[in-house]
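Notes to accompany the following structure.
The values are calculated or read from the model by the stated rules, or taken from the named source; none is laboratory data. Since the model is a prediction, treat every value here as computed from it, not as a measurement. Cβ placement follows ideal geometry from the backbone for every residue including glycine, while neighbour counts extend to all protein chains displayed. Accessible surface is based on the protein model in full, side chains and every heavy atom, while ligands, DNA and RNA are left aside. Shrake-Rupley method; radii C 1.70, N 1.55, O 1.52, S 1.80 Å.
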Amino acid sequence: MKISVVGTGYVGLVTGACLAEMGNDVLCLDVDPSKIKILREGGIPIHEPGLDSVVARNVQAGRLAFTTDIAKAVAHGTIQFIAVGTPPDEDGSADLQYVLAAARNIGRLMTDYKVVVDKSTVPVGTADKVKAAIEDELSKRESDARFAVVSNPEFLKEGAAVEDFMRPDRIIVGADDEQAILLMRALYAPFSRNRDKLFVMDVRSAELTKYAANAMLATRISFMNELALLAEKMGADIEQVRQGIGSDARIGTHFLYAGCGYGGSCFPKDVKALIQTASGEGQQLRVLQAVEAANEAQKLVLIDKITSRFGHDLVGKRFALWGLAFKPNTDDMREATSRVVLEELFKRGATVTAYDPVAMDEAKRIFGDHTQLDYASSPNTALAGADALIIVTEWKEFRSPDFEQIKKNLKASTIFDGRNLYEPDLVKGFGLTYESIGRRAK
Ligand SMILES: NC(=O)c1ccc[n+]([C@@H]2O[C@H](COP(=O)([O-])OP(=O)(O)OC[C@H]3O[C@@H](n4cnc5c(N)ncnc54)[C@H](O)[C@@H]3O)[C@@H](O)[C@H]2O)c1
Ligand SMILES: O=c1ccn([C@@H]2O[C@H](COP(=O)(O)OP(=O)(O)O[C@H]3O[C@H](CO)[C@@H](O)[C@H](O)[C@H]3O)[C@@H](O)[C@H]2O)c(=O)[nH]1
């Protein structure tokens, strides 16, 4: 099938590459010429495991190409995926300007039947707005070209995006146009071979399903984070509690890890957007308001522990920081807890030496030449002369460190671990003070 994908970010590029992998003829469009230049020169603008080889293979085979030419992209695909950003507006609602601009481009230039697919995460009712924008453009030039708008939200996780797209738990298609449903079924059949993973539903339910999934996952995390704080106070261990409740099939084991707060480009923004959508309907989503407030507080938990130990004035203190990305296997720092921790440390006068396997360039872009921040070339070199170690991201390479070297290097012999990477008793055995989330050494 001929497919165009508008937007070559995490979702658009993965969607385009994975659809090409199944034999489709895909053209990816972006308004950012620097991204298209990198892609055309054989590079990948983001860090996403396994994506480079899928892209290279399909470019080589002539099934995947990149352009900044809007007219070419509109002409190319019968199916037009919109996978542009939907960042939070000032009030937390999803900013639809990029989605609607993409829709208008399609309406302005299309000459034959198009299935326009909302892949971006968009509030309930957006498909109607996309439809209206395209109709408006068609009417301006008195075109009677037919089109259908489909909601097909994406559930991939950064760091596992290719794997998630290739082997999805489910594929949601919200549509009411029979021809569009047939095309979507055919397009996704190769991803749904062992069992039918495709759920066809009405458009509004599909749009809400995406927010419901992220809101549910965020709720589980905030719930566990609050219980972790209680566990600390009561002398219980949140890890044991997690295993105890996760073994109940009704609860399940996933997304119950307490930590220093959830980040990323999705949970924080989507929780806020759903709260805003509901408030526009005169409804308060009290549970989600609490989920968000708990997460904001959780991002400061490490700072609370650090100031309890060292006081509020941190002038003259230096910290080693392991992990800048909002989660492992990505260079994405959108809404990362590391950003909150760094800003709070800077405010109190501390200096930081940070290490992250892939996100240091992104940190340099965000923080520029900040005088209180420098970078190390390895986890161990970050430790030299630091007062304490702070861990914010659970990269695999942090999981089995040389505790003797940590002890030797840290002036205050203390690890503040926001991701519960180690056994508290083991760390204590090396003569280190270990502050983690919801646990304590015996
Ligand atoms: N990142 C994720 O893990 C993830 C997962 C599922 C869903 N989503 C949702 O998917 C959407 C995209 O997210 P992302 O992380 O890929 O965003 P991103 O910021 O990485 O990429 C968006 C791209 O769209 C381009 N763009 C903007 N307007 C354009 C236009 N009119 N024409 C062509 N290109 C245009 C931008 O230049 C950018 O390259 C969002 O709604 C997000 O919530 C993201
Ligand atoms: O038990 C857990 C699991 C995750 N996290 C944190 O939650 C955040 C989000 O993690 P994750 O969901 O793995 O990453 P994303 O790439 O943001 O993916 C989420 O957001 C995407 C965008 O909407 C959806 O497509 C995915 O299904 C959804 O998992 C990260 O900061 C994690 O550290 C925890 O604190 N505890």
Here the relative contact order (percent) of the chain, from C-alpha pairs under 8 Å and at least 6 apart, is 12
Quarter of the surface of the C-alpha convex hull for the chain, i.e. direction-averaged projected area in nm², equals 22.7
Relative contact order as a percentage, region 299-435, C-alpha pairs under 8 Å and 6+ apart, gives 26
Over region 1-158, the quotient of the Cα radius of gyration and 2.2 N^0.38 Å is 1.01
A correct Kirkwood calculation over the Cα atoms of region 299-435 returns a hydrodynamic radius in Å of 14.7
Partner lysines whose C-alpha sits under 30 Å from that of K442, ignoring same-chain residues fewer than 8 away, are K233, K299, K305, K317, K327, K396, K407, K408, K411, K428
TM-like helix rule applied to the chain (DSSP H, alpha carbon span at least 27 Å on the long axis, mean Kyte-Doolittle at least 0.0) gives 203-234
Fraction of alpha-carbon pairs in region 211-296 farther than 14 Å apart, rounded to whole percent, equals 64
For Y375, Y257, the accessible-area ranking with a 1.4 Å probe, largest leading, is Y257, Y375
With a 1.4 angstrom probe the carbon and sulfur portion of accessible area for region 299-435, in percent, totals 46
Rounded to whole Å², per residue accessible area for the chain with a 1.4 Å probe reads 45
Once normalised by the length of region 2-201, the mean sequence separation of its alpha carbon contacts under 8 Å that are 6 or more apart gives a contact order in percent of 20
Residues other than D237 with Cβ under 12 Å of its Cβ, Lys/Arg counted +1 and Asp/Glu -1, net out at 0
Comparing E90, E296, E226 in a Gaussian network model of the chain (Cα, 10 Å), the one with the largest mean-square fluctuation is E90
For region 211-282, the accessible surface attributable to carbon and sulfur atoms (probe 1.4 angstrom, ligands and nucleic acids excluded) amounts in percent to 61
Using a 1.4 Å probe on heavy atoms of the protein chains only, the accessible area for I221 in Å², nearest 10, reads 20
Residue-ordered couplings for region 76-91, obtained by feeding phi - 60° into the Karplus form 6.51 cos²θ - 1.76 cosθ + 1.60 and rounding to whole Hz (Gly and Pro as x), are 5, x, 5, 9, 10, 7, 9, 10, 8, x, 10, x, x, 6, 4, 8
Once M216, M234, M201 are ranked on solvent-accessible area with the largest value leading and a 1.4 Å probe, the list reads M234, M216, M201
If amide H atoms are modeled at 1.01 Å from N in the peptide plane, then the residues at a separation of 5 or more from F147, or on another chain, having amide H under 5 Å from its own are K114
The lysines whose Cα lies under 29 Å from the Cα of K72, excluding any fewer than 8 residues away in the same chain, are K2, K35, K37, K114, K119, K129, K131, K140
Rounded to the nearest 10 Å², the 1.4 Å probe accessible area of E343 is 90
From most to least accessible, 1.4 Å probe, no ligand or DNA/RNA atoms counted, Y98, Y434 line up as Y98, Y434
In whole Hz, the Karplus estimates of ³J(HN,Hα) for region 413-428 (6.51, -1.76, 1.60; θ = phi - 60°; x where Gly or Pro) are 6, 10, 10, 9, 10, x, 10, 6, 7, 10, 6, x, 5, 4, 5, 4
Binned at 10 Å starting from 0, the alpha-carbon pair-distance distribution of region 241-370 in whole percents comes out as 11, 32, 33, 19, 5, 0
Bounding extents of region 117-215 in its principal axis frame from Cα atoms, largest first in Å, are 44, 29, 23
